[in-house]
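Enquirer: First, the structure itself, so that you have it in front of you.
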Amino acid sequence: MSSLVAPDGAELVVHNPATGERVGSVQRASAADVRNAAARARRAQPDWHKAGIHRRAKVLSRFHDLLFEREEEVLDTIQRETGKPRREALVELLTVAGTASYYLAHGSRHLAEESHSGATPFITGARVIRRPHGVTGFITPWNYPFILSIADALPALLAGNSVVIKPSEVTPLSADLGVRLLVHAGLDEDLVQLVHGEGPEVGEPLIAEVDYIGFTGSAATGRKIAVAAGERLIPHSLELGGKNPMVILERAPLDEAVDGLLTGAFYNSGQTCIAIERAYVHESIFDDFVERARRKVEGLRLGYSLAWDIDMGCMISREHADKVMSHVEEADSKGAEIVTGGDRRTDLGETFIAPTLLTGVDESMALCRQETFGPVVSLYPVSGAEEAVERANDSAYGLNASVWTGTDAVSQAIARRIDTGSVHINSSLLIYNSFDVPMGGVKQSGVGRRHGSEGIQRFTRTHSIVSSVTTGGGYEGILSKIDSPKRARMLSKAFKLTRRIPGLR
Ligand code: NAD
């Protein structure tokens, strides 16, 4: 976005999207700055790896505690550059702290050297060691600027990598603060660096330098990242968008399901990758559900405040508000019914949009299949579980889903049939704080997983060491002694037997 760049071209200027007030600026990096940052990160990384996981964990532990000591500053910074409500800024802090806490407790287990079976019992063995990639790069979006630039960097650092982060050009200040806190916690400043700037100008040179790239953002950019990473044959992860469905069947507790819809759809003003954008509601309860939802949505408090009195904030920018409104206006013009909302709240500011519910959305409307990434939900009546599952799965995306049926067994059965990386039962966004559970997408929603064992192991490459007894020149030497049908039969019999003996395979 050129409007973010200061007239002399040297800085990115950040404005509060709710008030328009200038809240800070950061230095833009050139391609040479990116190369320089990666070179410093590469020089610093081997000693960090050699220091061992316990020394690395000490830094993360201090960082975890610092988050709470500096809580007010963290929340103010996140709020000022995103316009989000204070409690949503707090959830960003808690999620980063939760990620640190989880990997401090379980990281060394996920990274531990493993003993494995060798080619044959008794005479061979195997060990698997996990080594860091080296320099890990991150390219991150604006919707959760603190979580998405800092939380993934924590397991990468704990695994022994150095890190270079390119945060969104729209929200660089939260990442800036996160990195300062990591350095304050004792991390060498070459091990965690920021390169600020617009996507292609800074992101592309970054991919050219690093050994792993972790990308979070849109599917359109994700494709470009995958191509660039593929050119260099470096491992990568892509955490992309969604068009996430919710299923509400006739026995669902309606008021609770309405609350689930409100959180799923309007949290962070719908600017959440796992946000609910489609709701499939059993036809027998459809009108009742829509009416209850309308009443609750109209009770939401919109605005911007550093206090705790706001339920929903603004869009990240005027441009993004225009994009969201274009989906709503097109649907309206083609015959969808706006149950509530559907307009801008210019009384609050040019980036505010009323939380919106629609019915009668059809295939001719962009709203039906494209990610809207705003406070807008389409509700569709369905005849039962079969139709709900079929329509939930009928999407190019596959990130997240939510199921409400009133019966755990029914919800569990439906959850198993939904083709997304995560499915919630009686909840909608819980996955992000389920740190022990892999999270990510299928189809156009991404490649790779964060959290759990995969969320730290992805920052390592396995190094396999296989060994053999020395007798007869080792395993291959023993095999080379098979020189008659009799010996071949003996070997085949031994192989057959090992499959039958429990514990040997
Ligand atoms: P975006 O793809 O426009 O930008 C993301 C990042 O990529 C930014 O830092 C941007 O500067 C950079 N970038 C853009 N073009 C680039 C290029 N050619 N080369 C290298 N870097 C480039 O996404 P956005 O608008 O900032 O974020 C919103 C999107 O992110 C939504 O689609 C949302 O669903 C997705 N998202 C996904 C997750 C997840 O975990 N799956 C989480 C949050 C957001």
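Every number in this text was worked out from the coordinates using simple rules, so none of it is lab data. Note that this is a predicted model, so its numbers are computed, not measured. With ideal geometry, Cβ positions are generated from the backbone for all residues, glycine too; neighbour counts draw on all protein chains shown.
Enquirer: Of the DSSP beta bridges with both residues in region 244-434, give the percent that are antiparallel, rounding to the nearest 5.
Expert: Once the DSSP bridges in region 244-434 are tallied, antiparallel ones form about 15 percent.
Enquirer: Please return the longest range in the chain lying between exposed loop sites, taking chymotrypsin sites (Phe, Trp or Tyr not before Pro), DSSP loop only, at most 11 other beta-carbon atoms within 10 Å, and leaving the sites out.
Expert: Of all site-free stretches, the longest is 309-505.
Enquirer: I want to verify the translational diffusion coefficient of region 340-467 in µm²/s; compute it with Stokes-Einstein, Rh as the Kirkwood radius over Cα pairs, at 25 °C and 0.890 mPa s.
Expert: 141 µm²/s
Enquirer: May I ask you to list the lysines whose Cα is less than 27 Å away from that of Lys496, ignoring any residue fewer than eight positions away on the same chain?
Expert: The qualifying lysines are Lys481, Lys486.
Enquirer: Could I ask something else about it? Work out, step by step, the length gained on full extension between Arg251 and Leu233: first 0.36 nm times the residue separation, then minus their alpha carbon distance; give nm to one decimal.
Expert: 1.5 nm
Enquirer: In sequence order, what are the phi-derived ³J(HN,Hα) couplings for region 45-50 according to the Karplus relation 6.51 cos²θ - 1.76 cosθ + 1.60 with θ = phi - 60°, rounded to whole Hz, with x for glycine and proline?
Expert: 5, x, 5, 4, 5, 5
Enquirer: Starting from region 196-305, pick out the trypsin sites (Lys or Arg not before Pro) whose DSSP state is loop and whose Cβ has at most 12 other Cβ atoms within 10 Å.
Expert: Of the trypsin sites (Lys or Arg not before Pro), the ones in loops of region 196-305 whose Cβ has at most 12 other Cβ atoms within 10 Å are Arg301.
Enquirer: Hey, rough spin-label estimate for Ile465 and Asp65, points 7 angstrom out along Cα→Cβ, what's it come to in nanometres?
Expert: Calculated label separation equals 3.5 nm.
Enquirer: Going by the alpha-carbon gyration tensor, a ≥ b ≥ c the square roots of its eigenvalues, is region 411-505 rounded (a/c under 1.5) or, if a/c is not under 1.5, prolate (a/b greater than b/c) versus oblate?
Expert: Prolate, because a/c is 1.5 or more and a/b exceeds b/c.
Enquirer: Provide the percentage of antiparallel DSSP beta bridges, counting only those with both residues in region 83-232; round to the nearest 5.
Expert: Among the beta bridges of region 83-232, antiparallel pairing accounts for roughly 25 percent.
Enquirer: For region 112-254, what does the equivalent ellipsoid look like in terms of its semi-axes, each the square root of 5 times an eigenvalue of the Cα gyration tensor, given largest first in whole Å?
Expert: Listed largest to smallest, the semi-axes of region 112-254 are 30, 26, 18 Å.
Enquirer: Please report how far the C-alpha centroid of region 174-195 lies from that of region 48-101, rounded to the nearest whole angstrom.
Expert: 11 Å
Enquirer: Seen from all sides and averaged, what is the projected area of the convex hull of the Cα atoms in the chain, in nm²?
Expert: Across all orientations, the chain yields a mean hull projection of 28.3 nm².
Enquirer: Shape of region 244-434 from its Cα gyration tensor (a ≥ b ≥ c, root eigenvalues): rounded if a/c is under 1.5, otherwise prolate when a/b > b/c, or oblate?
Expert: Prolate.
Enquirer: Given the chain, what percent of its DSSP beta bridges are antiparallel, to the nearest 5?
Expert: 40 percent
Enquirer: Next up: Each residue of region 403-416 in order: what ³J(HN,Hα) in whole Hz does its phi give by Karplus 6.51 cos²θ - 1.76 cosθ + 1.60, θ = phi - 60°, with x for Gly and Pro?
Expert: Values, residue by residue: 10, 10, 10, x, 9, 4, 4, 5, 4, 4, 5, 5, 4, 5 Hz.
Enquirer: Also, I was wondering about something else. For region 267-279, in order, what is each residue's ³J(HN,Hα) by Karplus, 6.51 cos²θ - 1.76 cosθ + 1.60 with θ = phi - 60°, in whole Hz (x at glycine and Pro)?
Expert: 4, 6, 6, x, 8, 10, 4, 8, 4, 7, 10, 9, 10
Enquirer: Beyond 21 Å between alpha-carbons counts as too far, so tell me which of Lys50/Lys166; Lys334/Lys443; Lys84/Lys323 fall in that bin.
Expert: Beyond 21 Å: Lys50/Lys166; Lys334/Lys443.
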